[in-house]
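Notes to accompany the following structure.
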Amino acid sequence: MSQVRNGADPPVYRYREDVLAELWKYGVRPTEHTPPELVRKFINEIYKVELRKLRDRYIRGEFPKREYHRLVIQIRDKYPVLALLPRQWVEA
């Protein structure tokens, strides 16, 4: 059985250089065919894992409650690309 192809080329995404630099910090290197939505979901999962680890540390009593907010902000600031919509990750 052969695959049916509609002849359409896959979409090409040209990621902004500043976005690529941020993604590289996490070892993420999207290709020109990787949808920004997929990459953003992946980065968001990394972010959520860091937040869960922080919450677990708080629950274990590694730092007082008054420090929690500051540490959450510190983690958030490590992921500036998450403040952008996926369409803003690529050149217009």
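Rule-based calculations on the coordinates, nothing more; no lab input. Everything numeric in this text was worked out from a predicted model, so none of it was measured. Because the Cβ atoms are built from the backbone with ideal geometry, glycine has one as well, and the counts that use them run over all protein chains shown.
Considering each of 81, 12 in turn, give the residue that is surrounded by fewer than 10 Cβ atoms within 10 Å (Cβ to Cβ) and in contact with an Asp or Glu (Cβ under 9 Å, 6 or more places away or on another chain). If you could, list the steps in order and put the result at the bottom.
Details: 81 fails: surrounded by fewer than 10 Cβ atoms within 10 Å (Cβ to Cβ).
After ruling out the rest, the residue left standing is 12.
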Requested in this report: With the condition kept exactly as written, say whether any residue in region 33-51 is over 13 Å from the mean Cα position of the chain (by Cα) and charged (D, E, K, R).
Outcome: no
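Looking at 28, 19, which one is of a type in the set (Val, Ile, Thr) and in a helix (DSSP H, G or I)?
On the way: 28 fails: in a helix (DSSP H, G or I).
Residue meeting the stated conditions: 19.
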Requested in this report: Could you please tell me which pairs satisfy a Cβ distance under 6 Å, a separation of 6+ or placement on different chains, a first residue in region 49-60 that is more than 11 Å from residue 71 (Cα to Cα), and a second residue that is hydroxyl-bearing (Ser, Thr, Tyr) and loosely packed, with under 13 Cβ neighbours inside 10 Å?
Outcome: none
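How many residues are assigned to a helix (DSSP H, G or I) and either loosely packed, with under 10 Cβ neighbours inside 10 Å or acidic (Asp, Glu) (or both) when one looks only at region 53-68? Give the derivation first.
As a first pass, look at region 53-68 and keep what is assigned to a helix (DSSP H, G or I): 53-59, 65-68.
Next, only the ones that are either loosely packed, with under 10 Cβ neighbours inside 10 Å or acidic (Asp, Glu) (or both) stay: 56, 59, 65-67.
Of the residues in that region, 5 qualify.
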